[in-house]
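Bear in mind that the values in this text are calculations on the coordinates, not laboratory data. Note that this is a predicted model, so its numbers are computed, not measured. Note that each Cβ is placed from the backbone with ideal geometry, even for glycine, and that neighbours are counted across all protein chains shown.
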Amino acid sequence: MKAEAYMERGERALLHTYNRTPIVFERGEGVYLYDVDGKKYLDFAAGIAVVGLGYGNPEFEAALKNQVEKLTHTSNLYYNVPAIEAAEKLRKVSGMDRVFFTNSGTEAIEGAIKTARKYAMKKDGTKDHEIIAMDHSFHGRSMGSLSVTGNPHYQEDFKPLLSGIRFAEYNNLESVKSLVNEKTCAILLEPIQGEGGIYPADPEFLQGLRKLCDEKDILLIFDEIQCGMGRSGSMFACQKAGVRPDVMAVAKAVGNGLPIGAFLTTEKAAVLVPGDHGTTYGGNPLVCAGANAVLDIFEKEHILDNVNRVGAYLWEKLEAFKEKHPEVVDHRGEGLIQGLEFAKAPGDIAAAVIKKGVIMITAEHNVLRFVPPLVIREEHVDEMMRALEEALGELG
Ligand SMILES: *Cc1c(COP(=O)(O)O)cnc(C)c1O
């Protein structure tokens, strides 16, 4: 067992900010991962909804190898071709106008917050604007993102946070309306809440927020970091409701594992100008070459069709599972972002499923989360369901 020795070294060298599952992964192939002792796992987590194309896609890997040999970094003091191309492709699939590349999801949210503050400051000249975010939301771990994350447990030890953040009830338009005042500069939410337990927004809620923001001239910001890039069955989850935000944050599956995110704005919300914002690495040629390949492969390999077909199949199987097991209290989600809510925390179920060779994660404290690579097939759903049934059987 090589894993034990590595884990011991890891626990000594790495800051202990995670209670890690005792697996040391070495390589991946398709929708399977292999650990350092050669054990094979079906991946139903995709590195937390990141590895949409799975492992070892030849076109993705070739694009990276090609770029490594050419140029990996220039800084944003100059132009680079992969960044220009990736921005054009993101504009096309999102319907947004302008792109700022970041290195992570949380940085995309930071940029969205700065955009909202600047927009409002330009509008009325004052500097005490408020943002309305949602209960049970998750937007990242840096101080701004943490401030708009509606989970006191993550925030408590790090106060003071940004001031002027108010939390509304998700899917409750009246709750949002009751918090809007003349200081409000933005409404921020995930079109499908991920970490909070896989809660999709009602289309009417998103449409109502759009109308509200238009009436009050405040920015609507969607965090599509987890639910975007095809996971919901549409390229971005908000597109199902026909709602275009003023600012959209993306990351996770954009780079298929490379550290890249972005915030996208409409022309109206493109208020940041030279001196307002920056990043040393953001949008470097290497990660953008990867994002370019991802966006090309999405189109060529009809990833959305696969998400819709296999997502519907997974939905059926999980519905049947829910009917059969009274300990399952709810089943939610869209496409390949689904969750089963249990009456009690399913951590032991996830652990048992992993022992059977299927990687499984949870969300909130009582939800099993299904966010596999977007290239998964029906047979993989069957393989996962067998492990889940067996695990539940054994746990009684
Ligand atoms: C993962 C996630 C983030 C944070 O992204 P990082 O890359 O971890 O900073 C923000 N919002 C949502 C909805 C996420 O799922």
Find out how many positive minus negative residues lie around GLY196, taking Lys and Arg as positive, Asp and Glu as negative, among other residues whose Cβ is under 9 Å from that of GLY196. -4
Centroid-to-centroid separation of the range 1-60 and the range 118-195 [C-alpha atoms, Å]: 34
Which of the peptides 55-64, 372-381 is most tightly packed, and how do the rest follow, going by the mean number of other Cβ atoms within 10 Å of each residue? 372-381, 55-64
Net charge of Cβ neighbours under 11 Å - reference SER142; Lys, Arg +1; Asp, Glu -1: -1
Just flag the trypsin sites (Lys or Arg not before Pro) in the range 229-273 sitting in loop per DSSP whose Cβ has no more than 15 other Cβ atoms within 10 Å. LYS268
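Write out the GluC sites (Glu not before Pro) in the range 129-177 meeting two conditions: DSSP loop, and at most 16 other Cβ atoms within 10 Å of their Cβ.
Numbers: sites: GLU130, GLU156, GLU169, GLU174; in loops: GLU169.
Counting only loop positions with at most 16 other Cβ atoms within 10 Å, the GluC sites (Glu not before Pro) in the range 129-177 are GLU169.
Give me D for the chain in µm² s⁻¹, whole number, from Stokes-Einstein with Rh from the Kirkwood sum over alpha-carbon pairs, 37 °C and 0.692 mPa s. Mind showing how you got there, number by number?
Numbers: Rh = 21.8 Å.
Once the numbers are plugged in, D ends up at 151 µm²/s.
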Tell me, what ³J(HN,Hα) does each residue in the range 192-203 have, in order and in whole Hz, if you take phi through Karplus 6.51 cos²θ - 1.76 cosθ + 1.60 with θ = phi - 60° and put x for Gly and Pro? 10, 5, x, 4, x, x, 6, 10, x, 6, 5, x
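Shape of the range 281-351 from its Cα gyration tensor (a ≥ b ≥ c, root eigenvalues): rounded if a/c is under 1.5, otherwise prolate when a/b > b/c, or oblate? Present the calculation step by step, with values, prior to reporting the outcome.
Details: a/c = 4.53, a/b = 1.99, b/c = 2.28.
Oblate is the answer for the range 281-351, as a/c is 1.5 or above yet b/c matches or exceeds a/b.
In the range 71-141, what trypsin sites (Lys or Arg not before Pro) fall in a loop by DSSP, with at most 13 other Cβ atoms inside 10 Å?
Details: sites: LYS89, ARG91, LYS92, ARG98, LYS114, ARG117, LYS118, LYS122, LYS123, LYS127, ARG141; in loops: LYS127, ARG141.
Answer by residue number: LYS127.
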Where both residues lie in the chain, what percent of DSSP beta bridges are antiparallel, nearest 5? 65
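Kirkwood hydrodynamic radius, computed over distinct alpha-carbon pairs, for the range 37-79: how many Å, to one decimal?
Values: mean 1/r = 0.0749 Å⁻¹.
Computed over Cα pairs of the range 37-79, the Kirkwood hydrodynamic radius comes out at 13.3 Å.
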Using all Cα-Cα distances in the range 88-181, what percent lands in each 10 angstrom bin from 0 up to the longest? 15, 39, 37, 9, 0
Evaluate the distance, in nm, between pseudo-label points positioned 7 Å from the Cα of MET121 and of LYS268 along their respective Cα→Cβ axes. 2.2
What list of ³J(HN,Hα) couplings, whole Hz, do you get for the range 43-57 from phi and the Karplus terms 6.51, -1.76, 1.60, once you set θ to phi - 60° and write x for glycine and proline? 9, 9, 10, 6, x, 6, 6, 9, 7, x, 8, x, 10, x, 4
Length-normalised contact order for the chain - Cα pairs under 8 Å, 6+ apart - percent: 22
Counted neighbours (other Cβ, 10 Å), sorted fewest up, put HIS331, HIS139 in the order HIS331, HIS139
